[in-house]
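Below is one structure, written out as structure tokens; comments come after it.
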Amino acid sequence: MSFYGRHPRPALKNSVDVQLQTAFSDGNWPSVIRLADKRFKSLKDPYYEAIKISAESQLDSAAEKCSVLVAIDALVKSKTVPDYDVLELYEWAARDFLEDIDYADTLGPLRARWVKANPKSPLAVQCLQSCLEYWDLVSAQQISATLDKANVNTTDRRYMYWSVLLTFLLSISPQCTENSRKIYSLLALKQLERAADITENSPKVEPTDRGLLTEEEFYLYFRVLRTLGFKEDYLNRLESPKLGALSQLKADRKVLFWESLDVLESWGEWDRIFDLCKQALSLGLDGETPEFYVCDLRIWKKLVAAASKVANEESALEEVQSILNRFIAIKDKANAMYRKNISLALLETTFRFPATLLTPSPDHGGLTPRVIQIGLFLENYYDRLAAFDDVKDYVSQLSFEEAKAFTEIVLSKMLEENSDKTKRVILKALEYKIRYLLTTCPQTLSHHPSVVDGEEQAKPYRCRFCSKLASLPCEHCLKQMIVEAADTHKQIANDAEIKDAIPKLDRDPRLDLSLVIGNALLKLAGLKPQTGDIAPSPLRDVDSGLFLRAVVVLDSQLKETPSDTGLRLLLVKLYLLLGCASYAQQIWIPMDVKRTIQDALSPLFFDRIGSLSPGLFQSTRGLMDPLRSYYSNSLRDSCPLRIWDAFSAGSYSSILDLTEYDSRLRRSSTLMMTLVEERRATRAFGGKLDGDIEVSPFTEDIGDNTELVNKTDYGSFTNLEGSQGPPIQDFVRLGPDLSNVRSHLSFLTEQYLDLLGFKPPKDYKPAKANEAAIRDRNYIIETLARLNNSLTMFLHKSETPLFLTSAEMTYNTVVSLLSASLLTSISTSRADPVPKAVCAIGSSVRSAFAHLRTSFYTPLPTGSSSSPPDIYSSVINFHTMSYVRDTALAMKYSAAFVISFHEKELARDRTGKSSLHKEVIAEMKALDAVATKALMELKKHVQKMKESLGEGGWLDRMLDWVFGLEEDDEQEDEVAKAVEQVIGGRAEAEEWVSKVLESWREGAKGWGMVRME
């Protein structure tokens, strides 16, 4: 069998003579046509006619290529049962048209018709597979129903559940009409209800019975009940002794049990959750031998949460305590995992229970049962990888008195009692992480009057730990923590015994110390969470010296722990903020993000990358190639990837999950980001685009009402922040995350630029030029009206500013105004009054653009602990610079489009009636002049930046900048010394400085290649 792309060339029937077989196998199509036609005339066998038509479709003539489509259409209309081998030939021959013709109206119904006539044939399953591969759910459902009827008494249970599953998938698919949707959903449900009744009422279900038997079948039943919204039926079945959640857990089907709890929680059924979890945990206690498999932390947490929400809270909590005490009494018999779960359950109940139900402790100034339980837990697990994450949320809930007792009594006592040097540094690292966490918790600060003795106070809080005036977090505590953590880091560096023990530990304590120091420095520098309402650069009001110290500490630690993903991701984001995109890429590449998580992790590096460093797109291998390859492979077919593997394995949960995942992937904001970033980079370097973004196979089903989803995964970040505040990723982003609004606006602005940049083929010469011009004008007006309406709709949403940086907001606003201006200009004929709106819109465009330029060229504020060189303002502001350029070009292209349209109309119609008003042309020329001036300024700015970075003496200047000290601030001096101590002195920082400088130079070089016209 030979192959044409993904479509195998079918083998001809054995009855076909060798001469014709050989010609077909060799692809000698003229010979195949001649021989097949000869055989058809002599034998009158329609199969030979099909061979002839299939061979003709391989020729170059358009009429011959389309002959197979005519033959397929004739088969559909004939209502006769087609020959299976003819179908195989026609599907192969029409392979180049299958994306343009509707499989569900052509080959799908033909395969369904064949299966109805041959339900027992083994080839029927292949027909089902073909329909699924083209995601023709209508035909697939018909085929599966036919197979089910033909195989009622077989032990292969898949036929029945294929039919049920496909009926359900069809009912929730856009392929199903509104009138049929309810019918199909009820049909799927009734079939499953019948199977559930058989299982409920039978002492034993045999493979030949049509009841629920396997875990996948139970999963499908409950998933359909939940999705179709039959809440009462779901709740009743959940309590069934044979079908219910508890019976699933007894059968070791934990996934079904957990999913049931999640569904009940979404419905607020806390009484049922409490009863289920209580019964589940009792399973482990009822037998002679304890069963600890039920001691899952999720069950414990759901039980405690439900107990606090039921009507009789006190009684419920007492029951929880009773069950927990019984497990505590026997936990020594459990393995390590379940012992830890029981300890965490005890911690959970301690924090959930009212104080009246907890065993009172002597008054030791905040040493409450909650503090004691955290201490007891850490005594056993402080050296484990997840120790901090296990207690983090509980620590952040402590009152100030409890937090003070925890740090000053519990942690101090643990350190005093531990004589092992290695374990002591692990404990110290944990202590610093907890202290940092507490600085981010609002209960550690008290409000301070804004005015004292008639003088305005600079800081709004007073730290309750150190009693000094503070912001959130307390600067004094952070500085003290940096100095102490650096001392511990130095202790490790100078102790060979501890260094030798580190490879045997769950986690390198130096990593935790560096993360604490780095995060504390970022907070001291003034880094704030990024929202839409931000300055042009997130680093504009940040102390550059402190920020760079944080980066150098973390970068130094990466050499020691290169495999830590959380540290690597944090550095990627920090270097992107710093304008070092090429260096960020060097750190990103070793992570080797796998294909299956490209959609979730890629935005962490690639989002807005074109606005930061377009030069990265000039590499020999396309920057976005991994993403484009991933989407091309995952979305190449209309069906979810590997869907037939799941069908053939009878994995119904996988089928449903794959279908949901495929739907989300086709609506992915990361996918739209990939397309837009690539196109903007191509345009920046004067490259040729593949075509309009609207006709891309990835966007064909995306409209204004399509919800584009963001599934960016931040789970790999090491987050030391308290739960009351934003996580670390909100501090280190360039701007708001991917969103539906931003993705749609990017899509629409690209469509606008495609319209402006369209050029007909050189040989395009319409026979009726006037009629063609009218059609073109109408198309332009319709497109502009659609784009302007869509842009206006998204920009006028109240939440839109929260999803965009200030530069992005200005750019999208200007494009929206330009589309309105062009629409008014082109739709207003010379005979109509002069459109005043064009001048008003032009004034708004110039005003918005002037504000954007001002925000870019405004110098950084002074007064930081170290004065950055002038170049710093440029490298941290690449994003705004990119949008100054893009906005100017949008203005320039819009003006050129209108002027070109006007000139074409003048050339076509000498009377001037179809041309535009001279006032409109004057306004467009004014916009072009403003844009041209701005682009020239930007070009000079880039050149000046390149020259500045090419000067000598940068190494010393950078070191003085990063480590420069304020003589009047002793504590600041201590912080700088602490940083030098951690990285090994200034000499060790020279390599890092060189990398930063080289990355800035590469970025400037890339901008130098960008077209400014």
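Quick check for you: which residues of region 42-58 have the amide N under 19 Å from the point 7 Å beyond the Cα of V18 toward its beta carbon? Within reach of a label on V18: no residues.
Cross-link check: pairs K421/K499; K892/K933; K242/K333; K428/K468; K428/K573; K490/K559 evaluated at a Cα-Cα cut-off of 19 Å; pairs beyond the cut-off: K242/K333; K428/K468; K428/K573. For E951 and Q981, calculate 0.36 nm times their separation in residues minus their Cα-Cα distance, and state this gained length in nm to one decimal. Residue separation times 0.36 nm, minus the Cα-Cα distance, leaves 7.8 nm.
The phi-based Karplus calculation (6.51 cos²θ - 1.76 cosθ + 1.60; θ = phi - 60°) puts the 3J(HN,Hα) values of region 545-559 at x, 5, 4, 5, 5, 4, 5, 5, 5, 5, 5, 5, 5, 4, 5 Hz, whole numbers, x for Gly and Pro. Extent along the principal axes, Cα only, for region 541-605: 39, 27, 17 Å, with the longest axis given first. Scoring 513-524, 205-216 by mean Cβ neighbours within 10 Å over their residues and listing the highest first yields 513-524, 205-216. Under the combined filter of DSSP loop state and at most 16 neighbouring Cβ atoms within 10 Å, region 425-513 retains none of its GluC sites (Glu not before Pro).
Compute the distance from the alpha-carbon center of region 137-204 to that of region 1-74, in whole Å. Answer, in whole Å: 38. Near A470, the amide H atoms lying under 5 Å from its own belong to Y461, R462, C463; only residues 5 or more places off or on other chains count, and H is placed 1.01 Å from N. The charge dipole of region 740-941, taken about the Cα centre with unit charges on the Cβ atoms of Lys, Arg (+1) and Asp, Glu (-1), comes to about 520 debye, rounded to the nearest 20.
Modelled spin-label separation between D487 and E771, with each label point placed 7 Å from Cα along the Cα-to-Cβ direction: 9.1 nm.
Length gained on full extension, N633 to S61, computed as 0.36 nm times the residue gap minus the Cα-Cα distance: 202.9 nm. Remark: spin-label model distance V255-K204 equals 2.7 nm, labels positioned 7 Å along the Cα→Cβ axis.
Here the gap between K79 and S419, fully extended at 0.36 nm per residue and compared with their Cα-Cα distance, gives a gain of 113.6 nm. Modelled spin-label separation between E991 and A922, with each label point placed 7 Å from Cα along the Cα-to-Cβ direction: 6.6 nm. Largest first, the extents of the alpha carbon coordinates of region 93-153 on the three principal axes equal 40, 19, 16 Å.
Is the chain rounded, prolate or oblate when judged by the Cα gyration tensor, a ≥ b ≥ c being the square roots of its eigenvalues, rounded requiring a/c under 1.5 and prolate requiring a/b larger than b/c? Oblate, since a/c reaches 1.5 and b/c is not below a/b. Put in line by how crowded their Cβ is, counting other Cβ atoms within 10 Å and starting with the fewest, T706, T620 read T620, T706. When each of E133, E951 is scored by the number of other beta-carbon atoms lying within 10 Å, the sequence from fewest to most is E951, E133. Here the Karplus relation 6.51 cos²θ - 1.76 cosθ + 1.60, evaluated at θ = phi - 60°, turns the backbone of region 263-271 into coupling constants of 5, 4, 5, 5, 8, x, 8, 5, 4 Hz, with x for every Gly and Pro. Across every pair of non-identical alpha carbons in region 600-747, the mean reciprocal distance, once inverted, gives a Kirkwood radius of 17.2 Å. Eigen-decomposition of the gyration tensor built on the alpha-carbon atoms of region 299-411 gives equivalent ellipsoid semi-axes of 22, 19, 13 angstrom, largest listed first. One Cα centroid belongs to region 285-351, the other to region 837-900; the line between them spans 60 Å.
Loop-located chymotrypsin sites (Phe, Trp or Tyr not before Pro) in region 732-782 (DSSP state other than H, G, I, E, B) with a sparse environment of at most 10 neighbouring Cβ atoms within 10 Å: Y764. Over the chain, dividing the summed -39,500 (n - 2.57) contributions of all DSSP H runs of at least 4 residues by the number of residues returns a 222 nm mean residue ellipticity of -20500 deg cm²/dmol. Between A458 and K231, how high is the FRET efficiency from 1/(1 + (r/R0)^6) when r is the Cβ-Cβ distance and R₀ = 45 Å? Nearest 0.05. FRET efficiency, A458 to K231: 0.20. Using θ = phi - 60° in the Karplus curve 6.51 cos²θ - 1.76 cosθ + 1.60, the 3J(HN,Hα) couplings for region 569-580 round to 5, 4, 5, 4, 5, 5, 5, 5, 4, 7, x, 9 Hz; x is entered for Gly and Pro. For the pair A386 and N778, a Förster radius of 60 Å applied to the C-beta separation gives a FRET efficiency near 0.40, rounded to the nearest 0.05.
Rounded to the nearest 0.05, what FRET efficiency do N118 and E239 have when you use their Cβ-Cβ distance and R0 = 41 Å? Given R0 = 41 Å and the Cβ-Cβ separation, E is 0.35. Cβ crowding within 10 Å ranks M673, M945 as M945, M673, fewest other Cβ atoms first.
Each value in this text was obtained by applying a stated rule to the coordinates, not by laboratory testing. All values derive from a computational prediction rather than experimental measurement. Note that we place each Cβ from the backbone using ideal geometry, even for glycine, and neighbour counts take in every protein chain shown.
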